[in-house]
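In what follows, a structure is listed as structure tokens, so that the remarks can point back to it.
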Amino acid sequence: MRTTVGIIGAGPAGLLLARLLRGAGIDSVVLESRDRAHVEHRQRAGILEQGTVDVLRAAGAGERMDREGLRHDGIELRFARRRHRVDFPGLTGGRSVMVYAQTEVCRDLIALRTKEGGPLLFEAEALAVEGADTDAPRVRFRHAGREDVLECSYVAGCDGFWGVARKAVPASLSRVFERTYPYAWLGILADVAPSHDELVYARHDRGFALLSMRSPSVSRLYLQVPAGTEAGEWSDEDVWGELERRFETTDGWRLERGPITQKSVTPMRSYVHEPMRYGRLFLAGDAAHIVPPTGAKGLNLAVGDVVTLARALAHEKETGSPELLDAYSETCLRRVWQAERFSYDMTTLLHRAPDATAFDDRLQLARLERIASSRAAGTDLAEAYTGFPVG
Ligand code: RFL
Ligand code: PHB
């Protein structure tokens, strides 16, 4: 099998890259190790930055998002049983975000790809990227019980944190920057209308809690739990009780309960692999970097990477100049490190570390008070949350 760009992974990065390349007249083949149902159902991100929304629209993949997505003009910070709203458009000159689940973005992109007949192979596991530093890189993969080779001009490693693409970069050229956190998120989906019309990020002495949503009738909620916790350790009753305690306010706000349909635990990690390019192999999305979910940045970073990559490949095709491809890693990493910084700040602002002292608690409250009382501090948060420019 032969193609111009071999794309490993049909998460948001790989699927959107295939779509953008098609728009630029560049052919690609997408290899995905899991089956379609798995890719379309795994629960992940919920928040799209303004720039991500614009990219999906321009790529012709925004129709259902515009019908069913929920535009959000702010978030609430909850601490010391009080509430503070951060007004995005007011602080950023009109920017907002969209609540539209990653599962839905992937479903829309898969439907378009399937309708238009672009090659997208499910249950096709990439085994290795070979010859990345030559003019003819190859992806070895297994599909329908057979081993095969995809010959390419370029390879896009969009295969997430646990993928194989990153392993093709020689250790002597790789630098990894990493931090793990001593806590995780227990996430639930519940069939109940969200108890607030915007997301609520709560700092509490017992730990962080987040109220989010998937639709006007489905709530998505998270609780900070110790790293290593198993979802089965928490009964539904315990989850609701703990959420109620952490969201409690002095003004009688109430959390509505409903049937829990899904429960899972997500570890928290910050990770950057540099560089994001080796020869003709380009890493994009979680294959190159991870952020803790507190800043809602992971999916949006993946989108930024593939926009940059598609633009660079189109530039090379039109002008013959590799200039933008050569700048790919550096261009992406500038934005990646801003997202790393913001995600770290939001995480340490809102979570309670197991070894936190009374001094740390007071500092967190002072940081939150500062955001609530200073327009400059509020603007800093609002600008980062609604997104940094791509490129
Ligand atoms: P993905 O989505 O992991 O997709 C990688 C794909 O590659 C496939 N794959 C392979 N295919 C072929 N051969 C191989 N050898 C392969 N190895 C792996 C996998 O099956 C998969 O289909 O990476 P991508 O595309 O880079 O997208 C990244 C995002 O998924 C991720 O950053 C976000 O979900 C992070 N994230 C959030 N991001 C946001 O922007 N906003 C949010 O609100 C947000 N909330 C979250 C999150 C992540 C979470 N979890 C579960 C980690 C909330 C949570 C709880
Ligand atoms: C989500 O809805 O899954 C979500 C929202 C905001 C975050 C993380 C996750 O910061």
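P(r) tail for the range 255-391: Cα pairs beyond 19 Å make up 61% of the total. Relative to the longest principal axis of the Cα atoms of the chain, the long axis of helix 375-386 makes an angle of roughly 40 degrees. One decimal place: the segment Glu330-Ser373 gains 11.9 nm when fully extended, by the rule 0.36 nm per residue minus the C-alpha distance. Can you tell me the length gained on complete extension of the stretch Lys115 to Asp197, counting 0.36 nm per residue apart and subtracting the Cα distance? Extending this stretch completely gives an extra 26.0 nm.
Relative to the longest principal axis of the Cα atoms of the chain, the long axis of helix 12-23 makes an angle of roughly 50 degrees. Rolling a 1.4 angstrom probe over the protein heavy atoms with all chains in place gives the chain an accessible area of 42 Å² per residue. Projecting label points 7 angstrom from Cα along Cα→Cβ for Asp27 and Ser174 puts them 3.2 nm apart. Helix 358-373 axis versus longest C-alpha principal axis of the chain: approximately 80°, rounded to the nearest ten. For the chain, the share of DSSP beta bridges that are antiparallel, to the nearest 5, is 75%. Measuring r between the beta carbons of Thr249 and Asp148 and using R0 = 51 Å, the FRET efficiency lands at 0.30. Every Cα-Cα pair of the chain was included, and the share exceeding 41 Å stands at 14 percent. The calculated FRET efficiency for the pair Asp133 and Gln262, based on their C-beta separation and a Förster distance of 45 Å, comes to about 0.55. A Förster radius of 22 Å combined with the Cβ-Cβ distance from Asp380 to Asp355 puts the calculated FRET efficiency at roughly 0.20.
Here the chain has 49 percent of its accessible surface on carbon and sulfur atoms, given a 1.4 Å probe and all protein chains in place.
The values are calculated or read from the model by the stated rules, or taken from the named source; none is laboratory data. Treat the numbers as computed from the prediction; the structure is a model and nothing was measured. Methodologically, a virtual Cβ is constructed for each residue, glycine included, from the backbone with ideal geometry; neighbour enumeration extends over all protein chains shown. Ligands, DNA and RNA are stripped out before the accessible areas are found, and what is left, the full protein with its side chains, is counted by its heavy atoms. Shrake-Rupley method; radii C 1.70, N 1.55, O 1.52, S 1.80 Å.
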